[in-house]
Amino acid sequence: MKRLVVAILAHVDSGKTTLSEGLLYAAGEISSMGRVDHGDAFLDTNEIEKDRGITIFSKQAVLSVGDTKITLLDTPGHIDFSAEMERTLQVPDYAILVVSGSDGVQSHTETLWRLLYHYGIPTFVFVNKMDLAGAEKSSVLVDLKSRLDEKCVDFSDIGENFFEEAAVCDYEMLDEYMDTGTVSEKTIKKMISARRLFPCFFGSALKNEGVSEFLNALDRYTEEIKYGDEFGARIFKISEDEKGQRLTHMKLTGGKLSVKTLLSYANVSEKVHEIRIYSGEKFQNVQEVYGGDVCAVTGLSHTAAGEGLGNEQGIGALASQPLFAYSVKLTDNCDIRMALAAFKKLGEEETGLNVSWNERDQRVNVQIMGEVQLEVLKRILKERFNIDAEFEHGSIIYKETIENTVEGVGHYEPLRHYAEVHLLVEPGKRGSGIVLESKCSEDVLDKNYQRLILTHLEEKTHLGVLTGYPLTDVKITLINGRAHNKHTEGGDFRQATYRAVRQGLMQAKSVILEPYYSVTLTVPTETTGRAMTDLQQMGAEIKAPKVRGEMTEITASVPVAAMRGYLAEVVAYTRGRGRLSCVFKEYAPCKNQTETVEKIGYECESDTENTPDSIFCTHGSGFVVKWYEVFDYMHIPMLKKENCEAPQVEQVRRASRIIADEEELRRIFERTYGKSKSSLRRPMRKTHDQPVYKAKPLPDGERYLLIDGYNIIFAWEELKSIAEESLEDARALLVEKVCNYQVMRQNNVILVFDAYRVKGTHREVEKTGGISVVYTKEAETADSYIEKATKKLCKKNRVCVATSDNLEQMIIFGHGAQRITAAEFKQEVEAAEEEILRFIKENNEKNEKNERKRQRTV
């Protein structure tokens, strides 16, 4: 028996579900035809679908005709659920495109046609509602040929004219027709399968006219699909049955699948518990399925729609994408964790729904296709999970790209870590997404590290610096990088890569992209002027209107943001006679970029999860280098300087107003005390003025480390707990640790303790273990001693102060000293202790070895 999977799709209200009912009735699968408006359609089983009269979830039905078994996949027609429809298009062998005879080809119909072309699906066209007034076969056929494909041919009358019309669609058919005066059925089937011929049929599904003939044509003009022996499957849907069991819907593309089969995917292995063949609400349990079968299985808990199993690998990208973003507002008595779990489950099942959790704001955010989907989502939450939710702060989903080429540098070098990455970021073609490439020599950076960098580039959604929306339409090329034989670890290149992308974007001329609709507006001719004026005010690109009787059809490209709520206006000023069709077209440059940036208010430099700054290491500790200073510190010279334009610093700064903590300290100090000696922010130097970048030279002189003793004690949990029992013991332990640190680092270390509250004391300085321990005199704090000492020592030496006191940090910056926080100093001390233990262990092993050697000699 020939087995086919056939998807049926259409513009909303074209009669798609009614045709599905007609096909099932003609095949004898149902005894009577249900109706959408009566709520008894075989495939619209969900209560929400019955109430709204539209298909929301894709369904399947099984029918037989002749020697052909057809699995019919009914897909949503409304634009808000087009992602669900598109996922389904990854599995059919053939498709049925339903067109309304009274409305003709609509904008969404053209979008569906492009998707069918994209997925290479052979297509049959059924023109429905031919019984309605205004439906003319000849005009519709002209519409099909002009707006879809000139190879659309009327199959309702197979005669001399048919063969002549079909023959001109392809040279192979033309040759056969010229030789024999006809075209064989075998050749016709071959041409249909190759998408070189598109059969068109006409009828009325509601009146059951032309449906049986169309079903027989599906049997007659389709080829049997050959499947291989190796197991493969493509998942197109995730759902849940009435008992709460997770269902994975898939089509087998080869081999067979049995109950209890162990499937390995997504780094997990799970057994198939049940295999179900659905037809409407009902299903049949089977033990095995084969290539060409569509089934739902239980037991798989980590699958995702679009994912491949077996020899079908990867997840296919969708052309349909969410255009709107909302924050979820829950009632006070709703458990946020329970709500998040519900949203994540719906995110797995709803292809057009993206769910994310904002940790900072403790809010659930969703991205959706449109307002109808939002209304459906609210009802599902209430009926299925008993969650009352409102959606607020609705906004358009923008994207960002760049206009110029830049080189981004990311360096990650905290203590005992090392990675540096150089990326060339270039503008890409519109709609290309993010393209990755490596042009780095393996002599410079090992191939495994290069693969790791490309993986990190691919795994993350990189955000733009103007609005924080996703980056797109760029080409990122790895051009250089460096690792350390001893200190580079797996996560180091992830950090360096992310920072390199971000640092490059901070230099680039960024452009905001906004979504555009392809709009078809049909209004009474007397309201054409009003419609044209509205579209012009929206910033639309309008094509010449077409007059069709008493109505005028206007097509235009309009920003999505401008179209929100316009349908209600159309209904009002046309008194219900107007029709508006909006289909996503593309992302294009935003017309009011400055206003959009200000409205969104994204502050890129305060986005700590997407930092452009790098981390370098000196004196055994890491320190942050701002993105615009990285060129002065980087270890690899720029290789593609001549291709890069000067960084656009001011453009980014207008979009970012939050300054890092150290910069804020700098400003406070300079307002109070005047210009400081140690500049944290130097003017940005253009990349083309520097043939080679050199690291900033450190001042000459000895190295000094001053430590605020009690600040460190109460910042380290270990010492703090000891100090609660005995401050003297905590102080002694800190002295011991600092002595060990000094042995390994060989710095001049001054450990300072307060004694200002002790009456009659004088300043005391003790030398112990190679360090100086200072106890301040009466009325003198450790802060004031350190301030005086840094001012004196910084004139000829390199000075670093270990403290987490913000006021003290502000003062020492003014003297030209560096600082290290208590947490960073703790890491350095622990690292020194580990080195001592390793040295002792190695020395003991060496002594034991020498002793054994001496004994053997004796």
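The values are calculated or read from the model by the stated rules, or taken from the named source; none is laboratory data. Quick caveat: nothing in here was measured; it's all calculated off a predicted structure. Cβ: placed from backbone, ideal geometry, glycine included. Neighbour counts: every protein chain shown. Just the protein is used for accessible areas: all its heavy atoms, side chains included, with ligands, DNA and RNA removed. Shrake-Rupley method; radii C 1.70, N 1.55, O 1.52, S 1.80 Å.
Things worth noting here:
- Residue ranges of strands (runs of 3 or more DSSP E) in the range 323-437 with at least 1 members buried (at least 19 other Cβ atoms within 10 Å of the Cβ), touching a residue at least 24 places away in the same chain (Cβ under 8 Å) and at negative phi: 324-330, 363-368, 389-396, 399-402, 406-412, 419-427
- Within the range 784-833, if we keep just the residues that are within 25 Å of Glu717 (Cα to Cα), polar (S, T, N, Q) and in contact with a strand residue (DSSP E or B) (Cβ under 7 Å, 6 or more places away or on another chain), the residue that is modelled with the highest pLDDT turns out to be Thr803.
- Residue selection: Ser395 fails the criterion of being closer than 27 Å to Leu247 by Cα and within 23 Å of the chain's Cα centre (by Cα).
- Selection of the range 522-568 for residues being among the basic types (Lys, Arg) and out of contact with any strand residue (DSSP E or B) (no Cβ under 7 Å at 6 or more places or on another chain) yields Arg530, Arg548, Arg564.
- Pairs linking a residue in the range 778-792 that is over 16 Å from Asn748 (Cα atoms) and touching a residue at least 60 places away in the same chain (Cβ under 8 Å) to a residue that is acidic (Asp, Glu) and open to solvent by less than 20 Å² (accessible area, probe 1.4 Å), with Cβ atoms under 9 Å and 6 or more positions apart or on different chains, are Ala782/Asp708; Ala782/Glu808; Asp783/Asp708; Asp783/Glu808.
- Looking across Tyr517, Tyr469, one residue alone is open to solvent by 10 Å² or more (accessible area, probe 1.4 Å) and farther than 30 Å from Glu569 by Cα. It is Tyr469.
- Odd one out for Glu21 among (1) open to solvent by 40 Å² or more (accessible area, probe 1.4 Å); (2) more than 36 Å from the chain's Cα centre (by Cα); (3) of a type in the set (D, E, K, R); (4) farther than 23 Å from Glu240 by Cα: (1)
- Number of residues in the range 192-216 that are out of contact with any helix residue (DSSP H, G or I) (no Cβ under 6 Å at 6 or more places or on another chain) and open to solvent by 10 Å² or more (accessible area, probe 1.4 Å) equals 9.
- Within the range 27-58, the set of residues being open to solvent by 40 Å² or more (accessible area, probe 1.4 Å) and at positive phi comprises just one member, Gly28.
- Gln313 vs. criteria part of a strand (DSSP E or B), open to solvent by 30 Å² or more (accessible area, probe 1.4 Å) and within 25 Å of Thr75 (Cβ to Cβ): no
- One residue stands out in the range 67-85 among those that are assigned to a loop (DSSP other than H, G, I, E, B) and of a type outside the set (Val, Ile, Thr): the one that is nearest to Thr248 (Cα to Cα), namely Pro76.
- As for the range 756-777, it holds no residue that is modelled with pLDDT of 85 or more, of a type in the set (Phe, Trp, Tyr), farther than 21 Å from Lys792 by Cα and out of contact with any strand residue (DSSP E or B) (no Cβ under 6 Å at 6 or more places or on another chain).
- Positions within the range 727-739 being in contact (Cβ under 8 Å) with a residue 24 or more places away in the chain and open to solvent by 50 Å² or more (accessible area, probe 1.4 Å), in sequence order: Glu736
- Out of Lys475, Lys382, sole residue that is under 30 Å from Ala561 (Cα atoms), among the basic types (Lys, Arg) and over 21 Å from the mean Cα position of the chain (by Cα): Lys382
- Inter-residue pairs, beta-carbon under 8 Å, first farther than 25 Å from Ala561 by Cβ and in the range 524-550, second among the β-branched types (Val, Ile, Thr) and part of a helix (DSSP H, G or I), 6+ apart: Val547/Thr525; Glu550/Thr525
- Residue that is farthest from the chain's Cα centre (by Cα), among those in the range 106-143 that are within 18 Å of Ala205 (Cβ to Cβ) and among the aliphatic types (A, V, I, L, M): Ala133
- Contacts under 7 angstrom Cβ, first residue in the range 65-91 being in contact (Cβ under 8 Å) with a residue 12 or more places away in the chain and among the small types (Gly, Ala, Ser), partner buried (at least 24 other Cβ atoms within 10 Å of the Cβ) and in a helix (DSSP H, G or I), 6 or more apart: Gly77/Lys16
Condition check ((1) assigned to a loop (DSSP other than H, G, I, E, B); (2) more than 30 Å from Pro322 (Cβ to Cβ); (3) modelled with pLDDT of 95 or more) across all residues:
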residue: His456; (1), (2), (3): no, no, no
residue: Ile476; (1), (2), (3): no, no, yes
residue: Leu521; (1), (2), (3): no, no, no
residue: Glu526; (1), (2), (3): no, yes, no
